[in-house]
1. Scan (1) under 30 Å from E209 (Cβ atoms); (2) without any contact (Cβ under 8 Å) to a residue 60 or more places away in the chain for the single condition G77 breaks and write down its number.
2. Does the range 268-295 hold any residues that are within 13 Å of ligand 1 (Cβ to nearest atom) and touching a His at 6+ places or on another chain (Cβ under 7 Å), and which are they?
3. How many residues, within the range 92-130, are of a type in the set (D, E, K, R) and surrounded by 16 or more Cβ atoms within 10 Å (Cβ to Cβ)?
4. With respect to the numbered conditions (1) within 27 Å of R268 (Cα to Cα); (2) in contact with a Pro (Cβ under 7 Å, 6 or more places away or on another chain); (3) surrounded by fewer than 21 Cβ atoms within 10 Å (Cβ to Cβ), which one is the sole condition not fulfilled by G347?
5. If you take the residues of the range 327-347 that are of a type outside the set (A, V, I, L, M, F, W, C) and either in contact with an Asp or Glu (Cβ under 8 Å, 6 or more places away or on another chain) or not in a helix (DSSP H, G or I) (or both), which of them is farthest from ligand 2 (Cβ to nearest atom)?
6. For L386, are the conditions met, namely being closer than 30 Å to R308 by Cα, within 16 Å of ligand 2 (Cβ to nearest atom) and at pLDDT 90 or above?
7. Is there any pair with a first residue in the range 503-530 that is surrounded by 14 or more Cβ atoms within 10 Å (Cβ to Cβ) and in a loop (DSSP other than H, G, I, E, B) and a second that is modelled with pLDDT of 95 or more and among the acidic types (D, E) whose Cβ atoms are under 6 Å apart and which are 6 or more apart or on different chains, and what are they?
8. I'd like the full set of residues that are within 15 Å of ligand 2 (Cβ to nearest atom), part of a loop (DSSP other than H, G, I, E, B) and touching a Pro at 6+ places or on another chain (Cβ under 8 Å), limited to the range 270-326.
Amino acid sequence: MPTENRTTLTPDTPVRYLKGVGPKTAERFEKLGIVTLADLLCHYPRRYIDFSKPYSIAEAPADTECVVKAEVFAKPGGRILPGGRRMERITAGDDVASLEITWFNNPYATQKLQLGQEYYFQGIVTGGMLRRQMVNPQVRTAEQIQAAPFEAVYPQTEGLSSSAISRCIRQLLPHAELLPDPLPPEMLQKYRLLPKAEAVRAIHCPATEEQAAAARRRLIYEELLVLQLGIGRMRSRGAAVTGAPMRRADPSPFWQSLPFAPTGAQRRAVEEILNDMACDTAMNRLLQGDVGSGKTLVAAAAIWACIRAGYQAALLAPTEILAAQHAEGLNRLLAPFGMRVALLTGGMKAAARRTTLAAIRSDEADLVVGTHAILSEGVEFARLGLAVVDEQHRFGVRQRGMLAEKAANPHLLVMSATPIPRTLGLLIYGDLDISILDELPPGRKPVKTRCITGKKRRDLYGFLDREIGAGRQVYIVCPAIEDTPDGGLNAVKSYYEDIAKALLPDRRVGLMHGKLKPKEKAAVMDDFKAGRLDALVSTTVIEVGVDVPNATVMVIENGERFGLAALHQLRGRVGRGSVSGTCLVMTHSKGNGGASAAQDRLQSLEKTSDGFPLAQMDLRLRHEGEILGYRQHGGVTLRFVDLDADEDLIEWAHLDAVELLRYACNLDSVATRPLREAVAMRYRHIFKEVSGG
Ligand code: ADP
Ligand code: MG
C-alpha cells in the first residue's frame with residue numbers, strides 16, 4: 001500500500017511516495033520517463049511470461065526461454081566452488097525425464113523448495129536429452145500461477161529490474177481508478193472497449209491471453225484517438241485555409257526548358273499538385289516514387305509554379321550533402337527563369353548566414369534549400385507558399401505545426417521512396433493525399449545486385465579497378481565511422497586507410513562520413529562529382545538522394561547490418577546515367593540463426609528491383625517504429641501498434657476524430673472534456689494555449 005493516505009493520492013503524485021521507492025529508485029524511474037503514479041500505471045509491459053502452458057522436460061525447446069513443470073526429486077544442498085562462488089543444485093523430474101537445475105550465488109534459491117512438490121521453472125533448457133539442465137531459473141508454485149498466470153515483463157533500466165517495477169505497479173493497481181478515462185461511455189459501448197481502470201489492471205496482470213489482448217486494444221485505441229484529434233486540431237488551426245492560394249499555373253514553359261521530356265507519371269503528379277495549390281485549403285500531399293523515379297523534377301515544377309505565383313518556396317533535405325546537391329540542381333533549372341535559390345546550412349559562416357537570412361526575410365530569395373534546421377532556427381520567410389520535404393518519413397505532425405507557424409499554413413509536399421502503408425500515413429500525417437510515380441525515366445536498367453562474402457574482396461577490387469579504368473566511379477559504403485571494440489564492423493576510417501587505399505593503389509580514393517565538417521563534406525562531394533575522385537569510401541551519409549550519374553558501382557560492406565529499404569536506397573545511387581549499375585553487397589556473417597535470416601533478406605534484394613515490396617518486407621521484419629521513427633509522435637502505447645493487426649483501430653480512431661472535431665464543438669461538451677484534456681496534455685508543446693478551446 002502506498003504510504004500516503006488513500007484520499008490524497010492523485011495521478012500526479014510523485015512515485016517516491018510509494019513504499020520502497022527512495023530517491024535513488026525515483027531517479028531510475030525518471031530515466032524510464034516515469035515521474036508520477038500515472039506514468040507508472042501507464043508503463044505497460046513489453047511482453048508476458050506465460051506460466052499457464054508449461055512444457056514437460058522432454059518437450060521443452062532447447063536454448064530458448066520457456067517454462068517447465070517438474071517435481072523436485074533431490075535436494076542435495078549447496079556448496080562453495082573454487083574461487084568462492086556458491087552453487088545450489090537440485091534435480092527435478094517428471095514421468096519421462098529429469099532436469100538438473102543450478103543457481104549461482106543465490107543461497108536462498110532452494111530454501112523453499114519441497115521434495116516431492118511440483119514447481120514451474122522459467123529459464124533456458126540446455127544439454128542433450130540425457131542431461132537436460134537449467135541455470136538460475138525463476139520458480140513459481142501452482143498457487144502463484146493460478147493467481148497470475150501471465151507475468152509482465154517491463155522495459156527496465158540499470159538498477160531497476162522488471163520484477164522491481166512489477167512490485168511497484170502491483171501495489172498501485174488497486175488505485176487504477178485514479179486515472180481519468182478520456183473515452184466517453186458511448187464509445188466504450190460502441191467498440192466494446194474496457195473502461196480505463198479495468199484495462200490498466202488487465203494489461204499489468206491479465207488472467208488470460210484474451211484479457212491482455214482486450215486491454216491492449218482499448219489502450220491503443222485511446223492513444224490513437226488522442227493522436228488523431230491532435231493531428232486534426234493542428235490541421236484545423238486556421239481551418240486548414242492556406243495562406244497561399246495560387247492561380248492555377250500552366251507548367252508548359254517549365255517542361256519546355258528541360259533537356260528531356262518528363263515521364264507521364266511526372267506530368268500526372270505535377271497536375272495533381274498544381275490543382276491542390278490552386279485550392280483554398282493547404283495541400284498535404286505525399287509524392288511516393290521509387291529511387292530514381294525523378295521526384296526532384298516534380299518538386300522543381302511545383303516550386304517553379306509557386307515562385308511564378310509570387311510566393312517563396314522551401315525545400316528541406318535530410319542531410320547537408322543532399323541539400324547542397326538540391327540547391328545546385330534546382331538553381332540550374334530555375335535560374336533561367338530569373339528565380340533565385342539560396343542554400344542555408346548549419347556550417348555557414350555567420351556573416352554569410354546573416355546575408356542569407358536577410359534575403360529570405362526580404363523576399364529576395366525565391367527558394368531556400370536546407371536541412372530541417374530551416375524550420376527551427378530563426379528563419380523568417382516573407383511569403384512562404386510551399387514547403388517540400390525530401391526523403392523524410394519522420395516529418396510529422398509536430399513539424400507540420402512548426403511549418404504552419406513559419407507562415408500562414410503553406411502547402412506541403414512530402415517526398416519519399418519508401419512506401420508508407422495507409423495506416424502508417426494516417427498515424428503520422430493524419431489524412432494525406434498521395435501521388436505516385438510508377439514509371440522510371442526511359443532507358444533505365446535495373447541495378448545488377450549480387451551478394452558476396454568477404455573472402456572475395458580481392459576479386460571485387462580487381463573489378464572495381466577495371467571499372468575505374470573504363471572511366472567510371474564507385475562507392476564503397478561501410479556501416480560505422482570508428483572501429484568498434486568487437487571489431488565486427490568495417491569502420492570507414494580504417495577501411496579507407498588499410499583496405500581501400502591498399503587495394504586501389506593507383507586510384508584516387510576519397511573519404512566521406514558524418515563527422516567531417518560541412519565544408520570538408522562539400523569539398524569531397526564536389527571532387528567526386530567533378531571526377532577528381534575515382535572511389536568514395538563513405539558511411540550511409542550518401543544513402544539518400546545523392547545523384548552522380550557517372551558512378552556505376554556500389555559496394556556495401558557488412559550488408560547484413562542494413563535494412564532492405566536502406567540497401568535499396570544505396571543501390572539507387574548507381575545506374576542513374578546511361579550505363580547500367582552494379583551493386584555488390586558484402587556479408588561477413590558466420591552461420592548462426594540470425595545470419596541465415598540476413599541471407600534470406602539479401603537474396604530478396606538480388607531478385608527484386610522494385611522498392612515497394614522490399615520496403616514492405618522490411619516493415620514486417622523490423623519494428624515499424626524503428627524504421628519510420630513515428631514513435632516520437634505518440635506515447636508509450638504507440639510502440640505496440642501493429643499496422644496490420646490494428647488496421648481497424650487506426651481507421652476507427654481517424655474517423656472518430658474527424659467526427660468529434662466536426663460535431664462535438666471542439667470537444668467542449670461535458671462528455672468529451674476528459675478527451676480534450678488528454679489531447680491538450682499530449683500536445684502541450686504545440687498548442688500553447690493550456691487545455692485550450
Ligand atoms: P529520385 O526520385 O530518387 O529523387 P531523382 O529526382 O534524383 O530521383 O532523379 C534521378 C535522375 O533521373 C536524375 O539524374 C534526374 O535528372 C533524372 N531524370 C528525372 N526525370 C527524368 C526524365 N523525365 N527523363 C530523363 N531523366 C530524368
Ligand atoms: Mg531524391
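1. (1)
2. Residue satisfying the conditions is V291 alone.
3. The total comes to 2.
4. Unmet condition: (1).
5. Per the criteria, the residue is G338.
6. No: the conditions fail for L386.
7. Close Cβ pairs (under 6 Å, with a partner that is modelled with pLDDT of 95 or more and among the acidic types (D, E)) amount to R507/D534; R508/D534.
8. Passing the criteria: G292, S293, G294.
The values are calculated or read from the model by the stated rules, or taken from the named source; none is laboratory data. These numbers come from a predicted model, not from an experiment. Cβ coordinates were reconstructed from backbone atoms using ideal geometry, including for glycine residues, and neighbour counts include every protein chain displayed.
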